[in-house]
């Protein structure tokens with residue numbers, strides 16, 4: 001009953017100057033709209049860039065590298081162990097570049113529940129021939145299905161069927177720039193020479209475009225089996241194990257763990273691509289700052305309008321106090337007015353923000369580097385909407401706090417006698 | 001009929017700005033149920049100041065104030081607000097209706113705030129009050145669209161909605177023409193006679209005061225004649 005009266009009085013005062021109230025609400029609506037549109041667009045862009053770079057890179061990569069042994073015989077000798085030993089010009093021996101015992105490692109990783117997926121890879125240097133011209137390139141043997149699951153391989157294919165890698169013998173997929181340079185299109189034949197000098201004739205079953213020119217110029221893909229055939233290697237031969245893990249933040253720790261456990265070298269995405277994360281973070285930070293600045297400006301608008309309302313409604317406040325409304329009641333009334341403006345303006349802002357971001361989502365956006373993207377990227381994460389409405393309520397509450405305190409302190413005697 | 005509704009015991013008040021200036025000096029009196037009392041005196045004699053102390057809105061005074069044998073000293077702001085709501089009705093010189101509300105809403109507001117009755121009951125009581133004051137046809141008009149005399153009658157209806165122990169009036173006819181003053185006076189007279197409503201009026205209108213049951217005359221912050 002009592003709360004009802006307070007709401008009723010708040011409602012009446014709110015609509016007494018509905019034009020001003022509306023302007024205050026529009027201020028909130030505008031800032032919430034911009035907040036959501038800006039954040040949706042920025043985060044959409046971030047996700048696009050992340051997908052372009054981060055999703056294509058394994059979170060952890062296991063491989064072996066040609067490098068001098070860390071443990072020289074002298075350090076193993078008991079006699080010399082307690083002394084400083086200097087050895088100059090240590091040379092690498094022709095060690096094996098593939099991952100030892102790869103099948104056992106894969107089996108071990110498969111049962112590890114921190115890991116989302118594994119994709120084996122064989123990397124080999126080759127020459128592509130276009131008449132008399134030799135072009136250096138890299139051919140990577142992949143398991144097309146796993147590659148699709150982990151790295152959305154299909155999204156970068158602009159022509160041909162990647163599945164044909166498994167069904168067509170000696171088939172290959174080329175980067176777009178490479179294919180252009182060789183003047184071949186899907187269905188044509190590509191001549192390849194391996195580092196050891198063997199010639200191969202391969203059938204082009206697809207062309208991909210990664211968006212990164214440097215990759216498109218040298219990269220090509222084939223099946224694991226074909227890669228082994230080219231390199232003349234046995235059936236368990238792989239050079240890289242690419243891992244996607246469930247929690248990307250664990251990458252560095254897991255990377256270290258696997259390096260020790262399996263005796264391979266490891267790279268993790270956090271260490272090798274830290275700058276991407278920094279970029280994403282800065283962009284989000286800017287969007288949030290701009291959005292919150294807009295909200296604070298709207299908050300000052302509400303503060304002004306409530307202050308004016310209180311000066312205008314001094315008489316009403318005095319009467320309310322005279323007929324038995326306490327200072328606390330008066331404070332609640334003005335806080336309710338402030339919060340209503342926030343809630344109304346904020347809700348409209350959510351709606352307009354959604355519409356605005358949908359509009360951005362419709363604007364055509366074509367870029368040669370991203371064949372699957374046709375419009376501007378927008379993220380519709382519900383968390384933006386939760387943040388926006390919370391911020392609008394908090395801002396309007398704070399903006400209403402000082403004026404309503406002032407209203408609660410109004411001395412009715414001064415007002416009533418003052419006339 | 002001998003029940004004491006309001007009692008002032010040795011009430012004094014001074015203003016301290018810019019120099020200490022005594023306004024009220026040792027005021028003591030009682031008002032019994034059903035009495036129609038007026039406080040008169042020249043401008044600046046402190047009669048309005050006294051009224052606002054009696055209304056519990058001004059709490060800065062020495063001495064004690066009892067409303068229905070209850071001491072108002074030491075009560076919290078919220079408790080005093082409840083006393084004003086339930087036990088005191090106000091009529092001011094300027095009509096002080098809330099302009100955003102209709103006439104009936106203005107009258108209902110203290111009743112809704114008290115919350116002792118349902119909204120329907122409060123509405124019925126408000127209509128009865130308005131009918132008694134012969135302004136029920138204005139019920140759904142906006143408060144700022146009616147005449148001064150009508151506004152003052154609405155204010156009286158609002159003061160009566162919670163059946164207060166006492167109605168306090170500050171120059172209720174000060175802003176009205178002769179005809180309307182008479183209407184208001186008749187209403188007060190009627191209320192005291194028919195309903196035993198206790199009324200305390202502050203006025204400098206000697207003619208008005210002369211027709212009340214009892215006159216308390218003030219001069220320089222003291223009661224000179226009861």
Original post:
If you go through segment B:73-98, how many residues are over 15 Å from residue B:161 (Cα atoms), at pLDDT 80 or above and surrounded by 15 or more Cβ atoms within 10 Å (Cβ to Cβ)?
Top reply: 5
**OP:** Just name the residue that is nearest to residue A:49 (Cα to Cα) out of those in segment A:145-160 that are at pLDDT 85 or above and loosely packed, with under 15 Cβ neighbours inside 10 Å.
**Re:** A:158
Subject >> Test: residue A:125 is assigned to a loop (DSSP other than H, G, I, E, B) and either out of contact with any helix residue (DSSP H, G or I) (no Cβ under 8 Å at 6 or more places or on another chain) or farther than 26 Å from residue A:205 by Cα (or both) >> reply: no
Original post:
Which of the residues belonging to segment B:164-216 are exposed (fewer than 14 other Cβ atoms within 10 Å of the Cβ), out of contact with any helix residue (DSSP H, G or I) (no Cβ under 8 Å at 6 or more places or on another chain) and touching a residue at least 24 places away in the same chain (Cβ under 8 Å)?
Top reply: B:196, B:206
**OP:** Return yes when residue B:49 is farther than 16 Å from residue B:224 by Cα and either touching a strand residue (DSSP E or B) at 6+ places or on another chain (Cβ under 6 Å) or modelled with pLDDT of 85 or more (or both) and no when it is not.
**Re:** yes
**OP:** Pull up segment A:3-25, narrow it to residues that are touching a residue at least 60 places away in the same chain (Cβ under 8 Å) and farther than 20 Å from residue A:393 by Cα, then point me to the one that is nearest to the other protein chains (Cβ to nearest Cβ).
**Re:** A:16
Original post:
Which one of the conditions (1) more than 18 Å from residue B:36 (Cα to Cα); (2) free of Cβ contacts under 8 Å to residues at least 12 places away in the same chain does residue B:154 fail to meet, given that it meets all the rest?
Top reply: (2)
Subject >> Number of positions in segment A:170-226 that are farther than 26 Å from residue A:238 by Cα and free of Cβ contacts under 8 Å to residues at least 12 places away in the same chain >> reply: 1
Original post:
Which residues, counting only those in segment B:75-122, are more than 9 Å from chain A (Cβ to nearest Cβ) and under 13 Å from the mean Cα position of the chain (by Cα)?
Top reply: B:87, B:91, B:95
**OP:** Could you check how many residues of segment A:19-33 are surrounded by 22 or more Cβ atoms within 10 Å (Cβ to Cβ) and either farther than 16 Å from residue A:361 by Cβ or under 19 Å from the mean Cα position of the chain (by Cα) (or both)?
**Re:** 8
Subject >> Residues satisfying the stated conditions in segment B:17-51, i.e. within 16 Å of residue A:417 (Cβ to Cβ) and touching a residue at least 60 places away in the same chain (Cβ under 8 Å) >> reply: B:23, B:24, B:39, B:41, B:43, B:45, B:46, B:47, B:48, B:50, B:51
Original post:
Can you tell me which of A:348, A:362 is more than 17 Å from residue A:391 (Cβ to Cβ) and more than 14 Å from chain B (Cβ to nearest Cβ)?
Top reply: A:362
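The values are calculated or read from the model by the stated rules, or taken from the named source; none is laboratory data. A quick note: this is a predicted structure, and the numbers were derived from the prediction, not measured. As a convention, Cβ positions derive from the backbone with ideal geometry for all residues, glycine included, and neighbour counts pool all protein chains shown.
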